[in-house]
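The values are calculated or read from the model by the stated rules, or taken from the named source; none is laboratory data. The structure displayed is predicted, hence computed values, not measured ones. Here the Cβ positions follow ideal geometry from the backbone for every residue, glycine too, while neighbour counts run over all protein chains shown. Only protein heavy atoms, including side chains, enter the accessible area calculation; ligands, DNA and RNA are left aside. Shrake-Rupley method; radii C 1.70, N 1.55, O 1.52, S 1.80 Å.
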Amino acid sequence: MIKENLNASVIFHVIKFSETIRKQGDILTQRYGITTQQWLIMLLLAKDPNIIYFKENPQEKPMLAKELAEAMNVTRTNITNLLNVLMGKKLIKQTTDKVDKRKKRLVLTTEGERIIMELEEPRHKRNSRLFGKFSKAEKENFIGFIQVCLDTLKKDMVAG
């Protein structure tokens, strides 16, 4: 029989938190006909400075599909399907890299930028309600805790 374990409980709380955040994101984005995952792609293309990927991988040029897949921790096939949906909705478009013409970079369209900007206020309000009860130090400690966990997971993946 499986025994109660605090470490396993932490994992399940993180998963539940993540799933709930995603579901609430879907509620915010549904009026625009996009999902939270599609919104995250758009935030990556908008170079949201709060996204961890940019702290680890500073970007000057528009992103490539393989960089988006890496940032979202999904397969190349999965990201291609998501990008095709967003291109079909005319929220993002491909541009040719100025140096290497074989590379296709991704950018938001004017409509994509409009949606990102319209979602900022409800996003800010939701995040303020969610984290408003916590001090700056508590939030920084939480980020530090998560970062140590992510670093450990990354090392474990490399070690095999």
Residue within region 120-140 that is under 13 Å from TRP39 (Cα atoms) and of a type in the set (A, V, I, L, M) present: no
Residues of region 11-60 satisfying the condition of being within 21 Å of PHE142 (Cα to Cα), polar (S, T, N, Q) and surrounded by 10 or more Cβ atoms within 10 Å (Cβ to Cβ): SER18, THR20, GLN24
Number of the exception - ALA8 against (1) modelled with pLDDT of 95 or more; (2) under 30 Å from ARG105 (Cα atoms); (3) loosely packed, with under 13 Cβ neighbours inside 10 Å: (2)
PHE131 being open to solvent by less than 70 Å² (accessible area, probe 1.4 Å) and among the aromatic types (Phe, Trp, Tyr): yes
Single unsatisfied condition, THR95 versus (1) in a helix (DSSP H, G or I); (2) under 28 Å from ARG31 (Cα atoms): (1)
Pairs where the first residue, in region 119-138, is farther than 17 Å from GLN30 by Cβ and the second is part of a helix (DSSP H, G or I) and open to solvent by 60 Å² or more (accessible area, probe 1.4 Å), C-beta under 7 Å, 6+ apart: PHE131/LYS139
Test: residue in region 107-121 that is of a type outside the set (S, T, N, Q), part of a strand (DSSP E or B) and surrounded by fewer than 17 Cβ atoms within 10 Å (Cβ to Cβ): yes
Number of positions in region 61-77 that are at negative phi, open to solvent by 60 Å² or more (accessible area, probe 1.4 Å) and not hydroxyl-bearing (Ser, Thr, Tyr): 4
